[in-house]
Amino acid sequence: MKHIYFIDPLEKLNTKKDSTMLMALTSKSLGIESYFLFEEDFYIQNTSEVVFDCYEFSGEIKDDFYVKDLILGEVKQIKIDQDCTIHMRIDPPYDSRYQRYLWMLNFLVEKGINVSNNPIGIMKHNEKLEAYKIDNGFESYVGASLSGAKKFVSKLTERGVEFLILKPLDLFQGIGVEKIHVDQLEDRFVKKAKEYQGPVVIQPFEAKVSDGEIRSIFYKSKELGTILKVPKAGEFLANIAQGASFHQVQLSEKLVKDCESVCQKLMEDGVDLVAFDILGDKISEVNVTCPGLLVEVSYAVGENLAKKLF
């Protein structure tokens, strides 16, 4: 079986702690034929077999599971057939570019090629909306309607809510997330909907975020590892890319069951690798596009979790 990692250009990635780099070097270390595939070399056709220009690579997985000395090797012609697994590892945002790649990957799926996570599964399950479907999930408004937003926030203010979180529906790593006072709603909501050209998420601000946000990685409905991401002092974004610290934690029995339940549903659509964001005792996001932090979670638990994917 050949494993092909469909990825962004290396210059866009922090290869030292990129989850895909750890996955790829791990599969190679296990004797699995493994290659990188870049956007400029990706195509489909219906007239003959598909043969990608793929790249060999080398590098070292250090004792702390961070990646060292990643180097691209020679280009190799790889025939795409049923002996291939393509890993969809293009980073969000989920925009028109991303959607086109999912359509093209699904073309290959229908030809019998295995793609992980499955492109139709990714299309079907928005990372934020999937969390909002869960019973007793975070109160959430999603839309570009100002009148709808006002009605939603009015109910919150009746309960004494003073601060809100606004964020785009389809970005990542805390991009576009903003904390505002309820009095700023109209101005900030309209600007954000225009800036991101679409629906905006509104939620009551949770002060407990200062205590940290959990990231838990599951594969085929089994927990691989879990960390708590703690924001920098005086900040509310618990994103490691923006300076949050992290350490290993144990999920409660309830949260394990909640995550397993979501995973079982996603697996029906070919989504096996899932990274949950959890705030307090509630799932806030279900990451399926390019689940990350595998390096950090491996570091925290003291085990290369990528091995469990193979």
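Can you give the net charge of the other residues whose Cβ lies under 15 Å from the Cβ of Ala275, counting K and R as +1 and D and E as -1? Before the final figure, lay out each step's value.
Working: positive: Lys17, Arg89, Lys128, Arg215, Lys220, Lys222, Lys229, Lys308; negative: Asp18, Asp91, Glu127, Glu130, Glu213, Glu223, Asp258, Glu260, Asp272, Asp277, Glu285, Glu296.
Neighbourhood net charge equals -4.
For segment 2-116, just the Cα atoms, rotate onto the principal axes and tell me the three extents in Å, largest first.
The Cα atoms of segment 2-116 stretch 45, 31, 21 Å along the principal axes, largest first.
Any idea what % of Cα-Cα pairs in segment 208-309 are farther than 18 Å? All intermediate terms of the calculation are to be shown ahead of the outcome.
Numbers: 2215 of 5151 pairs.
The calculated P(r) of segment 208-309 puts 43 percent of pairs beyond 18 Å.
Exceeding 30 Å between C-alpha atoms, which entries from my cross-link table qualify? They are Lys111/Lys254; Lys79/Lys229; Lys28/Lys79; Lys12/Lys79; Lys76/Lys308. Show your work: numbers first, answer last.
Working: Lys111/Lys254 40 Å; Lys79/Lys229 41 Å; Lys28/Lys79 18 Å; Lys12/Lys79 27 Å; Lys76/Lys308 27 Å.
Violating the 30 Å Cα-Cα cut-off are Lys111/Lys254; Lys79/Lys229.
Mind checking which lysines have their C-alpha under 29 Å from Lys150, skipping anything on the same chain fewer than 8 residues away?
Within the straight-line cut-off, Lys150 pairs with Lys124, Lys128, Lys133, Lys167, Lys179, Lys191, Lys192, Lys194, Lys208, Lys282.
Can you list the residues, at least 5 places off or on another chain, whose amide H is less than 5 Å from the amide H of Arg89, using H built in the peptide plane?
The answer is Phe6.
With both bridge residues required to lie in the chain, what share of the DSSP beta bridges run antiparallel, to the nearest 5%? Show your work: numbers first, answer last.
On the way: 44 of 58 bridges.
Given both bridge residues lie in the chain, the antiparallel proportion sits at roughly 75 percent.
Which angle between 0 and 90 degrees, to the nearest 10, do you get for helix 253-267 versus the longest principal axis of the chain when only C-alpha atoms count?
Its long axis makes an angle of about 50 degrees.
Can you list the trypsin sites (Lys or Arg not before Pro) in segment 95-177 that are in a DSSP coil and have 13 or fewer other beta carbons within 10 angstrom? All intermediate terms of the calculation are to be shown ahead of the outcome.
Details: sites: Arg97, Arg100, Lys111, Lys124, Lys128, Lys133, Lys150, Lys151, Lys155, Arg159; in loops: Lys111, Lys128, Lys133, Arg159.
Those satisfying the criteria are Lys133, Arg159.
Taking every eigenvalue of the Cα gyration tensor of the chain, multiplying by 5 and rooting it, what semi-axes result, largest first, whole Å? Walk me through the numbers on the way to the answer.
Working: eigenvalues 247, 101, 61 Å².
Working from the Cα gyration tensor, I get semi-axes of 35, 22, 17 Å.
Using C-alpha positions alone, give me the convex hull volume of segment 122-234 per residue in cubic angstrom.
Cα convex hull per residue, to the nearest whole number: 134 Å³.
For Asn287, what residues show an amide H to amide H distance below 5 Å, using hydrogens built from the backbone and excluding near sequence neighbours?
Here Ala275, Phe276, Asp277 satisfy the definition.
With charges only on Cβ, +1 for K and R and -1 for D and E, what is the dipole size of the chain about its Cα centre, in debye, rounded to 20?
Working: 38 positive and 48 negative charges, 112 e Å.
Charge dipole, the chain, about its Cα centre: 540 debye, nearest 20.
Every number here is computed from the coordinates shown, using simple stated rules; none is lab data. Please read all numbers here as calculations on a predicted model, not as lab measurements. When we count neighbours, we look across all protein chains shown, and the Cβ atoms used for this are built from the backbone with ideal geometry, even at glycine.
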